[in-house]
1. With (1) among the small types (Gly, Ala, Ser); (2) at pLDDT below 95; (3) at positive phi; (4) crowded, with 20+ Cβ neighbours inside 10 Å as the list, and Gly117 as the residue in question, which single condition is left unmet?
2. Counting only residues that are β-branched (Val, Ile, Thr) and within 25 Å of Tyr318 (Cβ to Cβ), which one in segment 85-98 is surrounded by the fewest Cβ atoms within 10 Å (Cβ to Cβ)?
3. Would you mind stating whether Phe368 is in a strand (DSSP E or B), surrounded by fewer than 24 Cβ atoms within 10 Å (Cβ to Cβ) and either under 23 Å from the mean Cα position of the chain (by Cα) or not assigned by TED's automatic domain parsing to the domain that holds Asp69 (or both)?
4. If you scan segment 252-297, which residues turn out to be small (Gly, Ala, Ser) and in a strand (DSSP E or B)?
5. So, in segment 208-226, how many residues would count as being outside any loop (DSSP other than H, G, I, E, B) and modelled with pLDDT under 95?
6. Please state which one of Thr284, Thr363, Thr303 is more than 23 Å from the chain's Cα centre (by Cα), closer than 25 Å to Asp416 by Cβ and either at pLDDT 95 or above or not small (Gly, Ala, Ser) (or both).
7. Mind listing just one residue for me: the one in segment 42-84 that is of a type in the set (Val, Ile, Thr) and at pLDDT below 95 and, of those, surrounded by the fewest Cβ atoms within 10 Å (Cβ to Cβ)?
Amino acid sequence: MKIRGIRSFFVIALLAAAVFTVGCGGNGGTPVGVTSGAGSGGGGTAANVQSISVNGGLTPSLNEAPYADAAFTTVTICEPGTANCQKIPNVLVDTGSYGLRLLASQITLSLSSLTSGSGTLMNCVSFVDLSYLWGPVALVDVKLGTQEVASSTPIQLISSDTNVPTSCSSGNTTGDEDTQATLGANGILGVGPEPDDCGPACDPNFVTTPPTGDPYYVCTSSTSSASCSATLVSQMNQVTNPVIYFADNDGVIIELPATTSEAEARLTGSLVFGINTQSNNQLTASNLFSLDQFDNFTVNFSTCTSSLNVFGVCDASYIDSGSNGYFFPDSNIPNCADNTAFFCPTSLTALSALNEDPNTMFTNTVSFSIDNADNLFASDNGTDAVFSTLGGTNSADSFDWGLPFFFGRNVVTAIDGQTVPNVGTGPFWAY
């Protein structure tokens, strides 16, 4: 039985984003207020609303355990400027990354990859466990809801090409997550707080050499890694958060109902586009956190140690729908013997942590509980997909409020540089 843990795309992707987005913003406009309005979960059907479901995804059809605590949606893509479109189901919704990434094997449209000189523009996302996503950048029209369209948007086509440079793969020839079985989804919809996946750090208008991690390459062969060289890419050709091209383009709100038990079969909710742009996306949150230059805020928790070696402080913390649990450092809670990424306490453990805005010093205490992951995964004969008390280990300076944090909350992600009416400029998170 395969259980996906902290290696979920969003946890690791944010580590890369901390490198790539330096200088892109982060403190470009501290939010100045909060409005009131109406909003609730439940999978609405308004024009700026996309239904999402925490339902185990496609893994049960692959004879695997349900993908735990993952929100999925169906994305419509079209050949640019045409009505030749395709619906791609089981795409993971990720507020911790930026841009649409789809398995090339699941796409039947005729799409052309972007080129640079005589080569193909390729994109790499590397993870700390030595797995990675690799594939060309192509343009598509992205359609979500019934009115939101992002025309000619650069996306990554996750491919099975064998020309992966060592700087992307770290020499791990089995780490390419280019199939449904390895990725656990048909793709990833990154709707996090940045407009693209690298920004000025990869743009030749701002820098002269590619950043650490070499996210972009030009390759002249699909089978030879020697044909690939790291390159800079203008922001307009980088893998892009499609929300910035929508009519409602300042951010998103994820609305999911509260759970009634620790383990459930499924939850259905909404991905709402725009913040304070329509009557159904008014910002009702009372807790708003502007972000630092790495798109992080601070969590005060007793077992954390900050990047500056301050005890009790996780200064590289974030809210992330793509992580399938609460992930934080705590050696007092035992890890599971078989699923070692997760915690397995002997009984339900009640905890609390203090979120802190790194700019305004506003704070809010969040209470949560962690239970035995092995027992959770075994509930209802292993058929459940929703776990409100699932948690696991994270690095010493990082507290990750994963998808269980979203249950019973409307969680807002405002995009860097976008102006939210009556509030201010992103990036920020609110709940």
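1. (4)
2. Step one: filter segment 85-98 for residues β-branched (Val, Ile, Thr), giving 88, 91, 93, 95.
If we keep only those that are within 25 Å of Tyr318 (Cβ to Cβ) as well, we get 91, 93, 95.
On the way: Val91: 24, Val93: 26, Thr95: 28.
Filtering segment 85-98 for residues that are β-branched (Val, Ile, Thr) and within 25 Å of Tyr318 (Cβ to Cβ), the one surrounded by the fewest Cβ atoms within 10 Å (Cβ to Cβ) comes out as Val91.
3. yes
4. As a first pass, look at segment 252-297 and keep what is small (Gly, Ala, Ser): 258, 261, 263, 265, 269-270, 274, 279, 285-286, 290.
Across segment 252-297, the qualifying residues are Ala263, Gly269, Ser270, Ser290.
5. Within segment 208-226, residues that are outside any loop (DSSP other than H, G, I, E, B) and modelled with pLDDT under 95 number 2.
6. Thr363
7. My answer is Thr45.
Yes or no, residue by residue, for (1) in a strand (DSSP E or B); (2) without any contact (Cβ under 8 Å) to a residue 40 or more places away in the chain:
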position	(1), (2)
Gln50	yes, no
Gly57	no, no
Ser61	no, yes
Thr73	yes, no
Gly81	no, no
Val93	yes, no
Leu100	yes, no
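The values are calculated or read from the model by the stated rules, or taken from the named source; none is laboratory data. Just so it is clear, the structure is predicted and the values come from calculations on it, not from any experiment. Here the Cβ is made from the backbone with ideal geometry for all residues, glycine too, and neighbour counts use every protein chain on show.
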